[in-house]
Amino acid sequence: MFNYSTLESIGMEKLYKTFLEAFSDYQVKIDLPILKFQQMLQRRGYISKVSIGAFENNTLVGFLLNGIRYWDGKLTAYDTGTGVIKTYREHGITSNMIFNTKQLLGEMGVEQYLLEVIQSNISAVRLYKKQGFEILREFECFNLDKNKYTPTAAYETQHINSITKSNWKEFAKFWDFKPSWQNSIDSVNDASGTFVYSIIIIDNTIVGYGIIDKYTGDIPQIAVDKNYRGRGIGRSIFADLLKNTEAYNVKVLNVDNHCDSVKDFLFNLKFQQNVSQYEMVLKL
Ligand SMILES: CC(C)(COP(=O)(O)OP(=O)(O)OC[C@H]1O[C@@H](n2cnc3c(N)ncnc32)[C@H](O)[C@@H]1OP(=O)(O)O)[C@@H](O)C(=O)NCCC(=O)NCCS
């Protein structure tokens, strides 16, 4: 018999230990020290009281970690991570955790439930569809071994300490697609200290920017003003981002698969496409 309850009483170390155990056989190798795990949760907006754990005799054996924010103007929960320790799988634990989550979110007036799932994780995709989730977008993920790339820059870059509200307003005009939850403005703002922000200014105006995680090499956003593309600005920003992360492997996750500008740019920089994801939503 399993019990289900929210995670207010579960400390970060316990959660981390269970997370590592549950993801030990995941499609993508998880190499995450506890500090980065904590930063990942912070960035994605994790809230313990809207997250559900499955317990056997008070031992945490599964978890459904959620965050809540406004998304497209609707109060939205986001599944920041679902996992069940291998020996406890195929007992309906995930379905039960989703059932408990839906009830909890419904009581809180949350309008929709969003998640991302790796497309080749057939059983997870099937489960989410069965629960009523529908596919919104398809994302591609890319990575690059830093040692295999020699950065070249035609433009001088500058750094800013943070991105102001008025910066964001301008930057959003550069986008060809809206960044996924984990790469969104709110996610970047909630983990702002983990990033370096690189910009290029022409005639006193910012014409391109890029953001990189100093430790993990993750690039949540990079974009150039549509009027200034094809001049080497994106490449110059990227060259600067590379210099400002200690990671060997640089990642761009969740590129909208319809966005040829970013995909072609990344292929040109010798990135490899590795994983494809679905963005799925359930109306509550
Ligand atoms: C991707 C992007 C940043 C590239 O910026 P850019 O300044 O035009 O890129 P560069 O001029 O530095 O191009 C670098 C290389 O990539 C190639 N490239 C860039 N865009 C390309 C495109 N649309 N098609 C084919 N190749 C492209 C260039 O040909 C260039 O190669 P070269 O040096 O061998 O000539 C820009 O197209 C963009 O902002 N796209 C939208 C970003 C977005 O929506 N992000 C999501 C939200 S953050």
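The values are calculated or read from the model by the stated rules, or taken from the named source; none is laboratory data. Because the structure is predicted, anything quoted here is derived from the model rather than measured. A quick note on method: Cβ atoms are made from the backbone with ideal geometry, for glycine too, and the neighbour counts reach across all protein chains shown.
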Exercise. For segment 30-58, how many residues are within 29 Å of E90 (Cβ to Cβ), modelled with pLDDT under 95 and assigned to a loop (DSSP other than H, G, I, E, B)?
Worked result: 5
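Answer with yes or no whether P151 is within 12 Å of the ligand (Cβ to nearest atom), closer than 20 Å to V275 by Cα and touching a helix residue (DSSP H, G or I) at 6+ places or on another chain (Cβ under 7 Å).
Numbers: within 12 Å of the ligand (Cβ to nearest atom): yes; closer than 20 Å to V275 by Cα: no; touching a helix residue (DSSP H, G or I) at 6+ places or on another chain (Cβ under 7 Å): yes.
The answer is no for P151.
Answer yes or no as to whether D176 is more than 24 Å from I118 (Cβ to Cβ) and within 8 Å of the ligand (Cβ to nearest atom).
Numbers: more than 24 Å from I118 (Cβ to Cβ): no; within 8 Å of the ligand (Cβ to nearest atom): yes.
Considered against the rule, which asks whether it is more than 24 Å from I118 (Cβ to Cβ) and within 8 Å of the ligand (Cβ to nearest atom), D176 comes out as no.
Which fully enclosed strands (runs of 3 or more DSSP E) of segment 179-270 have 2 or more residues being on the phi > 0 side of the Ramachandran plot and within 7 Å of the ligand (Cβ to nearest atom)?
On the way: elements: 195-202, 205-213, 221-224, 249-256.
No strands (runs of 3 or more DSSP E) qualify here.
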For this session: Kindly indicate whether Q277 is within 14 Å of the ligand (Cβ to nearest atom), at pLDDT 95 or above and within 23 Å of K74 (Cβ to Cβ).
Result: no
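Just need a number here: residues in segment 1-27 that are small (G, A, S) and surrounded by 16 or more Cβ atoms within 10 Å (Cβ to Cβ). Write out each step before concluding.
We begin by selecting, within segment 1-27, every residue small (G, A, S); these are 5, 9, 11, 22, 24.
Next cut, surrounded by 16 or more Cβ atoms within 10 Å (Cβ to Cβ) only: 22.
Count: 1.
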Exercise. Does at least one position in segment 34-48 carry a residue that is farther than 23 Å from T87 by Cβ, among the hydroxyl-bearing types (S, T, Y) and touching a residue at least 40 places away in the same chain (Cβ under 8 Å)?
Worked result: yes
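Please specify each residue of segment 246-257 satisfying the condition of being over 16 Å from N183 (Cβ atoms) and in contact (Cβ under 8 Å) with a residue 60 or more places away in the chain. Before you say what the answer is, go through the steps one by one.
Initial filter on segment 246-257 (over 16 Å from N183 (Cβ atoms)): 246-249.
The answer is A247, Y248, N249.
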Exercise. Quick one: I68 ticks every box in (1) in a helix (DSSP H, G or I); (2) under 28 Å from K283 (Cα atoms) bar one, so which box is it?
Worked result: (1)
Problem set entry | Conditions (1) more than 30 Å from G73 (Cβ to Cβ); (2) in contact (Cβ under 8 Å) with a residue 24 or more places away in the chain: number failed by D203 | (2)
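Residue under question is I199, and the condition is that it be out of contact with any helix residue (DSSP H, G or I) (no Cβ under 8 Å at 6 or more places or on another chain), of a type in the set (V, I, T) and either surrounded by 15 or more Cβ atoms within 10 Å (Cβ to Cβ) or closer than 16 Å to Q158 by Cβ (or both); does it hold?
No; evaluated as a whole, the condition is false for this residue.
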Exercise. What is the number of the single condition among (1) within 30 Å of N121 (Cβ to Cβ); (2) in contact (Cβ under 8 Å) with a residue 12 or more places away in the chain that D264 does not meet?
Worked result: (2)
Exercise. Within segment 137-173, which residues are in contact (Cβ under 8 Å) with a residue 40 or more places away in the chain, surrounded by fewer than 15 Cβ atoms within 10 Å (Cβ to Cβ) and not in a helix (DSSP H, G or I)?
Worked result: D145, P151, T152, A154, E156, Q158, H159, K173
